[in-house]
Every structure is written in C-alpha cells, then in structure tokens.
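Engineer: Have a look at this one before I ask anything.
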Amino acid sequence: MEPVKVPEKMPEPPEKPLAGDCCGSGCVRCVWDVYYEELEEYNKIVKDVTDSKAS
C-alpha cells in the first residue's frame, strides 16, 4: 500500500449524506459507501499530518 501524501493545507472532511440522500434499495454504490470511503481517506490524511507534526 502506498503512503498517503500529506497535503500542505488540511482538506475539509467529506460531507455526510442527508437522510434522504439514500434511497434504501441497497444500491451497489450507495452514497453511504462513498461517504465512508472518503471519510477513511480523510482520517488517514489527518493521522499522517498529526503524526508528522508530533515528530
């Protein structure tokens, strides 16, 4: 797995879907799937920035 590139400026966290954004039909690529993937990437970036500042 490639290391996460630390940005110069912290990105904004992903926008959480609204309750009505999900149709509830079990789509293969649900808005919640996308949100949690983006949130995981955001958390990795935040952790890398935090770890690099602590060093």
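Any read-out appearing in this document is the output of simple, stated calculations on the displayed coordinates, not a laboratory observation. Being a predicted model, the structure only gives us computed values, none of them experimental. In this analysis, Cβ positions are derived from the backbone assuming ideal geometry, glycine residues included, and neighbour counts consider all displayed protein chains.
Engineer: For residues in the stretch 45-55 being in a helix (DSSP H, G or I) and surrounded by fewer than 13 Cβ atoms within 10 Å (Cβ to Cβ), which is nearest to the chain's Cα centre (by Cα)?
Structural biologist: Narrowing the stretch 45-55 to residues in a helix (DSSP H, G or I): 45-54.
Keeping just the survivors that are surrounded by fewer than 13 Cβ atoms within 10 Å (Cβ to Cβ) gives 47, 50-54.
On the way: Lys47: 12, Thr50: 16, Asp51: 18, Ser52: 19, Lys53: 20, Ala54: 22 Å.
My answer is Lys47.
Engineer: Another question, if that's okay. Take the stretch 8-33 and flag every residue that is among the aliphatic types (A, V, I, L, M) and loosely packed, with under 13 Cβ neighbours inside 10 Å.
Structural biologist: Within the stretch 8-33, Met10, Leu18, Ala19, Val28 meet the criteria.
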